[in-house]
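Read the structure below first, then the notes.
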Amino acid sequence: MTQNTPVLSYTYLPNTYNPYDRRDFATIRTIPTGVLETFVLTLLYSPADTRIQRTCRVTQRKEGSFHHAVFLTITERPSPSGHPDQDLILKIPAHGTRDKWCAQDAYMMANEANIMRLIRHTTSCPVPQVLAFDWTLNNGIRAPYILMTKLNGIPAVDVWLGQPYKRIPKPTLHLHADNAAPGLEKKRVTFLRSLARAMSQLAPLEFDQIGIPVFSDGAQKMEFLSVGEAWRWHSRRDMQDLIASGPFDSSAEFFCTALAEICESDRGVRKVMDIVLECAPFTGTREPSLCANKEKEGDGKPTAPREWFVLRHNDLDLQNVLVDEHGNVTGIIDWDGCMAVPRCISYTSLPTFLRRDWLPGSTMGHVPHMTWAFEHYRQIYVAAMKEFCGPADAKFTLKSHIYQAVLAALDGDVDCRDVAKLFIQEIPEFRRVDGEALFRRLGVGWPDAEGLLKVKIAELLRPG
């Protein structure tokens, strides 16, 4: 079935120093291209249907940090009603092998596929259509997979920068990142407004706990069962030991449990983080549901306000958004790790590329290579989110770069110490203070400084 040799794009090198790294790209790569092509055809079509001749061709195989992606094109002859070729993606976990895959992996993958199905069936947020998935290895390729449609569009990073990212010399990427020409600025504004509109479509999907929405296994009719525990198995770039989290009934329980698990040994840093989590919005808010029927008892009477939780894309960055040539969003991909979370870190949050200045370790060398324009574009996104989903949830957008930095520290993606220093630097009274010296004094007890920090950090975090 293979007409041309597919493009192979493999960049992963195993981390021999990490005992938790279960990725086995080498084994996944050995799945023959012909086997993949035959497997996809048998998944989608009955062998008894001989009226139309169908061919499946693998056009590319490439790898991200944790998955092997197979790009396929299905051609029909004769083509019914002039239908164009169908482009698909088969997503295979890098650790989806018999000696690496485990029950927790299967649980997370099945619910990732079902969350994508839920979003596509109940909202207008542009996500891929899941055609088939199997969280077991009992299939024709002997690996777990999600088969989905390939969305049209070009990478958002190319539109944001004004030309294909790979064609721009790396040393010059920062030169025009902050001051875009009028035509490029128009595309950026269109993109930000379109992205805010797309994410705002997730508003009606509410849950009564923090965790992974769990669905029935039925392929034809998907039924929501409950919110279950989330299993975290990787950071942004590396695999970790499997860690269970939740489900949680409140924002306060979620954040405080995460801080306790970090076991920050520096008492001064821990005091700053404790102060942070004692402030709104990390303490949670009890507000009416956006879905009116959830706020009524069985007899139809309104219930007392409570916390409701909504979805969060785990990596809403330029590489995971597709757009047209004008900047309109055509697709959002990579929903791995999507879960129900407190509203302050949910779908209304700023995308990752607009909060890099609050991510320790990020530099001008990271996309979008900006230095001083973050606040300008944040304000555009905030205004759009308020327009599309109203003030109830959009009140968290303005300072979500700060809330997300706290989450990154609690998840272990960045160091608590670095985030605590960012808070100190944002407070005028402490801006020129040596952070390390301040932490040492807080660690042995400094009530006056603690009192001032409580006031100033509360002001900094207060939703706007």
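Some points to look at:
- As a summary of the residue check, P213 satisfies the conditions (1) of a type outside the set (G, A, S); (2) surrounded by fewer than 19 Cβ atoms within 10 Å (Cβ to Cβ); (3) touching a helix residue (DSSP H, G or I) at 6+ places or on another chain (Cβ under 9 Å) except for the one numbered (2).
Listed here are the residues, each with its yes/no results for (1) of a type in the set (K, R); (2) in contact (Cβ under 8 Å) with a residue 24 or more places away in the chain; (3) over 30 Å from D274 (Cα atoms).
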| position | (1), (2), (3) |
| --- | --- |
| V329 | no, yes, yes |
| V341 | no, yes, no |
| S362 | no, no, no |
| T397 | no, yes, no |
| I402 | no, yes, no |
| L422 | no, yes, no |
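- Verdict on L438 being closer than 25 Å to F254 by Cα and either at pLDDT below 95 or assigned by TED's automatic domain parsing to the domain that holds V269 (or both): no
- Any hit, region 396-403, residues being among the polar types (S, T, N, Q), in contact with a strand residue (DSSP E or B) (Cβ under 9 Å, 6 or more places away or on another chain) and surrounded by 16 or more Cβ atoms within 10 Å (Cβ to Cβ): no
- Considering L453, L460, the condition of being surrounded by 12 or more Cβ atoms within 10 Å (Cβ to Cβ) and in contact with a Leu (Cβ under 9 Å, 6 or more places away or on another chain) is satisfied by L453 alone.
- Listing of helices (runs of 4 or more DSSP H) fully contained in region 334-445 that carry 1 or more residues being within 15 Å of the chain's Cα centre (by Cα): 400-411
- Where helices (runs of 4 or more DSSP H) sit wholly within region 11-122, those with at least 1 residues that are surrounded by fewer than 14 Cβ atoms within 10 Å (Cβ to Cβ), touching a residue at least 24 places away in the same chain (Cβ under 8 Å) and under 20 Å from the mean Cα position of the chain (by Cα) occupy 103-122.
- Leading residue by the ranking (nearest to I402 (Cα to Cα)) among those in region 275-292 that are at pLDDT below 95 and either crowded, with 20+ Cβ neighbours inside 10 Å or aliphatic (A, V, I, L, M) (or both): G284
- E223 meets each of the listed conditions (1) out of contact with any Leu (no Cβ under 6 Å at 6 or more places or on another chain); (2) touching a residue at least 12 places away in the same chain (Cβ under 8 Å); (3) surrounded by fewer than 20 Cβ atoms within 10 Å (Cβ to Cβ) apart from (2).
- Residue match in region 452-464 (condition: among the basic types (K, R), under 24 Å from R356 (Cβ atoms), out of contact with any His (no Cβ under 9 Å at 6 or more places or on another chain) and in a loop (DSSP other than H, G, I, E, B)): yes
The values are calculated or read from the model by the stated rules, or taken from the named source; none is laboratory data. Please read these numbers as outputs of a predicted model, since none were measured by experiment. Every residue, glycine among them, receives a Cβ derived from its backbone with ideal geometry; neighbour counts consider all protein chains shown.
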